[in-house]
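To start, the structure itself, in structure tokens.
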Amino acid sequence: MSRSAHPAGPRHADVYPEGHYTAPADDLNLLDEKVWSRTVRRQDNGVVAVGGIEVTRLAEEFGTPAYFLDESDFRARCRAWSDAFGPNADVFYAGKAFLSRAVVRWLKEEGLNLDVCSGGELITALEAGMPADRIAFHGNNKSTEEIERAVDAGVGRIVLDSYQEIVRVAHVAQSRGKRQRVQIRVTVGVEAHTHEFIATAHEDQKFGIALAGGQAAEAVRRVLKLDGLELIGIHSHIGSQIFDMAGFEVSARRVVQLLAEVRDEHGVELPEIDLGGGLGIAYTSEDDPSEPHEIAKSLLEIVTRECETHGLTTPRISVEPGRAIVGPTAFTLYEVGTIKPLEGLRTYVSVDGGMSDNIRTALYDAEYSVALVSRTSTAEPMLSRVVGKHCESGDIVVRDAFLPADLAPGDLIAVPATGAYCRSMASNYNHSLRPPVVVVRDGEARVIVRRETEEDLLRLDVG
Ligand code: LLP
């Protein structure tokens, strides 16, 4: 993940220690539009608003910490992805990034499909009315019960992840007299340039069936022999928060190569390929993600070119962006609590949430931005570490960022780009209550996932 190794520059070099942070912006009150959702503005009175509603009002009404999601931004991003890929491709939103019934309804209305990877995501999708044929079911260890539910619901595709699963899905489909549409997830052997825990196409990890050693070709052989399965294509997902298109290109090339081998061996041209998700977003001003139309152009071109080389008809392409759709659309709003300046180091700013609402910093060393949003300030920049209220020192939300030196308890600060993998990976650590997701649109705000209560906690504790 991008990180400037050199700190603040001459103005701060003597004051602040070595560390991984960039120089403070000239004006800390300015919000970099790259990292904030589209309707976020700082108003003339200094308060930041989203969808036309001031954060001070949102905090009063919904409390903190809370995630505020910009619905029109979410919808615009859905449209940008489906317009970019056009009518000969399918966009599957990856529900693991963030899923709720409201999200499913928006996807349905915006014409997107949905990738789910658990019984829980599947039931949410179906309950909210997503047509089953627009659902793809993923996972490296789907239970028989999950497979049965997916087959019974009539999901559009199940992405097969192992030899065992080929047999299991075929068995379930046959027992119902059905023919299940499937893809085979292959591991293309690409080292994606991202954090080790979110890279998925190198060989030494748990996902997919390796192209290497002919294992994927063997999976194709097995699937084609089974009456309960209809093989519609090959799937590859190389990792997450990736900026460099080179990995996708290699992946596309290797997947098309397999299609050619399948054609040569079996006389069958598989009609689809899925290149997965993984496109990076801007968490800080340093990050420079490509736009959906640039990504689509380069992926479509490479697949078309490779198919021409092999004399194949270009298959229908699908992609599965999760983070790139929902990530930039939300921010987390916190209230500042204790503030501890550590002489010669930095100032620890504690907020009323932490690793329970955003585990990404602790888990992946992820970087975030932060801003004072309840007022403006002309105070000097103060090197800060935004930390949570949990009982461990790794409970960091923003490792190094500049906040104004007059920051005080009760101020509201917001961390942008928390729409993906924050609420969906939130926990009850220290018996904290998971924050709500509040949707803001055209001057109106409504809760789509409510805040947990102490009763929720106690209800599960039946001992
Ligand atoms: N398709 C498949 C098969 C996936 O496994 C994933 C993500 C996606 C699509 C969507 O990837 P995206 O476009 O959101 O990068 N918790 C980590 C990310 C884990 C991603 C898992 N799979 C994080 O917070 O960075």
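The values are calculated or read from the model by the stated rules, or taken from the named source; none is laboratory data. Everything quoted here is computed from the prediction, not taken from an experiment. Cβ: placed from backbone, ideal geometry, glycine included. Neighbour counts: every protein chain shown.
Which one of these is surrounded by fewer than 21 Cβ atoms within 10 Å (Cβ to Cβ), closer than 22 Å to residue 309 by Cα and among the small types (Gly, Ala, Ser): 247, 189?
Values: 247 fails: surrounded by fewer than 21 Cβ atoms within 10 Å (Cβ to Cβ).
Only one candidate passes the filter, namely 189.
For segment 362-424, give me every one of the strands (runs of 3 or more DSSP E) that falls completely inside it and has 1 or more residues that are farther than 21 Å from residue 435 by Cβ.
Details: elements: 381-387, 396-404, 412-416.
It comes to 381-387, 396-404.
Looking at residue 151, is it part of a strand (DSSP E or B) and either under 24 Å from residue 290 (Cα atoms) or in contact (Cβ under 8 Å) with a residue 12 or more places away in the chain (or both)? Don't jump to the end; show me each part of the working.
On the way: part of a strand (DSSP E or B): no; either under 24 Å from residue 290 (Cα atoms) or in contact (Cβ under 8 Å) with a residue 12 or more places away in the chain (or both): yes.
Against the criterion (part of a strand (DSSP E or B) and either under 24 Å from residue 290 (Cα atoms) or in contact (Cβ under 8 Å) with a residue 12 or more places away in the chain (or both)), residue 151 does not qualify.
Looking at residue 360, is it modelled with pLDDT of 95 or more and touching a Cys at 6+ places or on another chain (Cβ under 8 Å)? Working first, answer last.
On the way: modelled with pLDDT of 95 or more: yes; touching a Cys at 6+ places or on another chain (Cβ under 8 Å): yes.
Taking the combined requirement at face value, the residue satisfies it.
I'd like the residue in segment 86-106 that is more than 14 Å from the ligand (Cβ to nearest atom) and outside any loop (DSSP other than H, G, I, E, B) and, out of all such residues, is farthest from the chain's Cα centre (by Cα).
Here the answer is 89.
How many residues does segment 192-210 hold that are away from the ligand (no atom under 12 Å from the Cβ) and either within 22 Å of residue 230 (Cα to Cα) or at pLDDT 90 or above (or both)?
2
Return the total of residues in segment 130-143 being in contact with a helix residue (DSSP H, G or I) (Cβ under 6 Å, 6 or more places away or on another chain) and either over 28 Å from residue 448 (Cα atoms) or not in a strand (DSSP E or B) (or both). Spell out how you get there, then give the answer.
Restricting attention to segment 130-143, the residues satisfying the condition of being in contact with a helix residue (DSSP H, G or I) (Cβ under 6 Å, 6 or more places away or on another chain) are 130, 132, 135, 137.
Narrowing the set further to residues that are either over 28 Å from residue 448 (Cα atoms) or not in a strand (DSSP E or B) (or both) leaves 130, 132.
Adding up the residues that qualify gives 2.
(1) over 26 Å from the mean Cα position of the chain (by Cα); (2) charged (D, E, K, R); (3) within 16 Å of the ligand (Cβ to nearest atom): which one isn't true of residue 456, the others all being true?
(3)
For segment 279-297, which positions are closer than 19 Å to residue 253 by Cβ, within 16 Å of the ligand (Cβ to nearest atom) and either assigned to a helix (DSSP H, G or I) or touching a Cys at 6+ places or on another chain (Cβ under 9 Å) (or both)?
Result: 294, 295, 296.
Residue-by-condition table, conditions (1) farther than 22 Å from residue 230 by Cα; (2) touching a Gly at 6+ places or on another chain (Cβ under 6 Å); (3) within 16 Å of the ligand (Cβ to nearest atom); (4) outside the structural domain of residue 420 (by TED's automatic domain parsing):
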{"site": "123", "(1), (2), (3), (4)": "yes, no, no, yes"}
{"site": "132", "(1), (2), (3), (4)": "no, yes, no, yes"}
{"site": "168", "(1), (2), (3), (4)": "no, no, no, yes"}
{"site": "175", "(1), (2), (3), (4)": "no, no, no, yes"}
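Would you check if there is a residue in segment 374-389 being surrounded by 23 or more Cβ atoms within 10 Å (Cβ to Cβ), under 30 Å from residue 80 (Cβ atoms) and at pLDDT 95 or above?
No, that holds for no residue.
Quick one: which of 247, 213, 189 is more than 13 Å from the ligand (Cβ to nearest atom), in the same structural domain as residue 160 (by TED's automatic domain parsing), at pLDDT below 95 and assigned to a helix (DSSP H, G or I)? Full working, then the answer.
Details: 247 fails: more than 13 Å from the ligand (Cβ to nearest atom); 189 fails: assigned to a helix (DSSP H, G or I).
Just one listed residue meets the conditions, 213.
Taking segment 298-331 only, how many residues are outside any helix (DSSP H, G or I), within 14 Å of the ligand (Cβ to nearest atom) and within 26 Å of residue 438 (Cα to Cα)?
4
Restricting to segment 218-240, give me the number of residues that are out of contact with any helix residue (DSSP H, G or I) (no Cβ under 6 Å at 6 or more places or on another chain) and buried (at least 16 other Cβ atoms within 10 Å of the Cβ).
Matching residues across segment 218-240 total 5.
Residues are listed down the side, and each one gets a yes or a no for (1) at pLDDT below 95; (2) within 24 Å of the chain's Cα centre (by Cα); (3) in a loop (DSSP other than H, G, I, E, B):
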position: 8; (1), (2), (3): yes, no, yes
position: 12; (1), (2), (3): yes, no, no
position: 19; (1), (2), (3): yes, no, yes
position: 30; (1), (2), (3): no, no, yes
position: 36; (1), (2), (3): no, yes, yes
position: 67; (1), (2), (3): no, yes, no
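Assuming residue 48 fulfils every condition listed in (1) out of contact with any Pro (no Cβ under 9 Å at 6 or more places or on another chain); (2) closer than 20 Å to residue 449 by Cα; (3) surrounded by 21 or more Cβ atoms within 10 Å (Cβ to Cβ) apart from one, which condition is it?
(2)
Out of 105, 57, I need the residue that is at pLDDT 95 or above, not assigned by TED's automatic domain parsing to the domain that holds residue 443 and not aromatic (Phe, Trp, Tyr). Which one? Step through it out loud before you land on a result.
Values: 57 fails: not assigned by TED's automatic domain parsing to the domain that holds residue 443.
Only one candidate passes the filter, namely 105.
For residues in segment 425-463 being of a type in the set (Asp, Glu) and assigned to a loop (DSSP other than H, G, I, E, B), which is surrounded by the fewest Cβ atoms within 10 Å (Cβ to Cβ)? Can you show your working first?
Step one: list which residues in segment 425-463 are of a type in the set (Asp, Glu), which gives 442, 444, 452, 454-456, 461.
Checking which are assigned to a loop (DSSP other than H, G, I, E, B) leaves us with 442, 452, 461.
Working: 442: 10, 452: 16, 461: 7.
Out of the qualifying residues, it is 461.
Among (1) surrounded by 15 or more Cβ atoms within 10 Å (Cβ to Cβ); (2) under 18 Å from residue 96 (Cβ atoms), which single condition is residue 143 missing?
Exception for residue 143: condition (1).
Across segment 38-54, what is the total count of residues that are among the charged types (D, E, K, R) and not in a loop (DSSP other than H, G, I, E, B)? Quick ask: steps written out before the conclusion?
Filtering segment 38-54 for residues among the charged types (D, E, K, R) gives 38, 41-42, 44, 54.
Cutting the leftovers down to not in a loop (DSSP other than H, G, I, E, B) gives us 41-42, 54.
So the answer is 3.
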